[in-house]
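Worksheet for the structure shown next.
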Amino acid sequence: MRFLRLPMFGLLTPTSPLDGLIDHYQKIHACVDLIRESLECYLSGGTCREFQELVEQVDKLENEADKIKRSIRNKMPRRLLMPVDKTLFLNYTSAQDNILDAAQEAVSWLAMRAVEVPTELQKPMVLFIDEVMTTVTMLGPALESTIRFIYVEELDRSAVKDKLRTVRRQKDKVFKAKGPLISAIYNQDRDFKDIYQLIHFIQRMDDMSHSAGNCAEILRAMIAK
């Protein structure tokens with residue numbers, strides 16, 4: 001049996017602003033593979049022809065996501081009630097948008113100048129990026145489950161909370177892995193510009209994971225209310 005959406009989005013407003021969050025997240029999800037591909041390209045030498053094209057694609061996704069975010073905010077009902085607190089909703093749109101902002105900055109740091117990634121750091125960096133992308137990927141199902149719960153289409157609050165906790169635990173895992181990796185980069189005997197560039201790339205990657213974790217926290221607050 002499928003439950004109807006909440007009445008505040010009935011005949012007068014058939015589309016909820018919450019639906020736009022899924023569209024916005026799809027742009028983030030599309031960025032995940034691009035980030036992985038760009039890192040592989042960079043580790044192959046840092047000057048491959050396709051790298052700048054990938055940077056441009058990430059920029060394009062970020063711009064498209066910004067348009068969706070503005071559309072979501074512009075279409076928010078002014079008089080009718082929303083099924084979630086408006087402040088939480090606006091905070092969530094900002095937190096989710098921060099994921100792509102961090103991705104854009106991370107790729108920009110790699111594109112700034114060619115730097116050879118030491119062989120001993122290549123695998124740890126790839127593993128770290130995979131953990132970051134896992135955090136971001138986990139957010140999608142958590143977001144969808146939260147929205148279904150708000151629409152009263154999913155009744156198992158515990159299952160939704162478990163998905164949100166999984167995102168937060170993965171975010172913590174990324175944060176713990178960041179320190180040793182930055183330390184390994186910093187202790188390299190090489191030009192400090194190389195070290196500075198790689199460290200900032202790792203920090204922006206962690207920002208992606210951190211923002212995904214913030215999203216999970218806000219979603220948790222939404223269903224609590």
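The values are calculated or read from the model by the stated rules, or taken from the named source; none is laboratory data. Quick caveat, the model's predicted, so the values are computed rather than measured. A quick note on method: Cβ atoms are made from the backbone with ideal geometry, for glycine too, and the neighbour counts reach across all protein chains shown. Heavy atoms of the whole protein, side chains included, go into the accessibility calculation; ligands, DNA and RNA do not. Shrake-Rupley method; radii C 1.70, N 1.55, O 1.52, S 1.80 Å.
Karplus-derived 3J(HN,Hα) values for the stretch 19-34, using 6.51 cos²θ - 1.76 cosθ + 1.60 with θ = phi - 60°, are 4, x, 5, 5, 4, 5, 5, 4, 5, 5, 4, 5, 6, 4, 5, 5 Hz; glycine and proline are entered as x. When only alpha carbons of the chain are considered, Rg and Dmax amount to 19.3, 66 Å. The slack in the chain from Thr87 to Asp189, taken as 0.36 nm per residue of separation less the alpha-carbon distance, amounts to 31.9 nm. Net charge near Ala216, counting Lys/Arg +1 and Asp/Glu -1 over other residues with Cβ under 14 Å of its Cβ? Counting the neighbours of Ala216, the net charge comes to +4. Within the same chain, lysines fewer than 8 places from Lys173 are excluded, and of the rest, those with a Cα less than 20 Å from its Cα are Lys123, Lys161, Lys163. Counting 0.36 nm for each residue step from Asp156 to Ala30 and taking away their Cα separation leaves a gain of 42.5 nm. The separation of the stretch 162-225 from the stretch 110-128, counted between C-alpha centres, amounts to 16 Å. Here the accessible area of the chain is 52 percent carbon and sulfur, with a 1.4 angstrom probe and all protein chains present. Which angle from 0 to 90°, rounded to the nearest 10, does the C-alpha axis of helix 86-111 make with the longest principal axis of the chain? Its long axis makes an angle of about 20 degrees.
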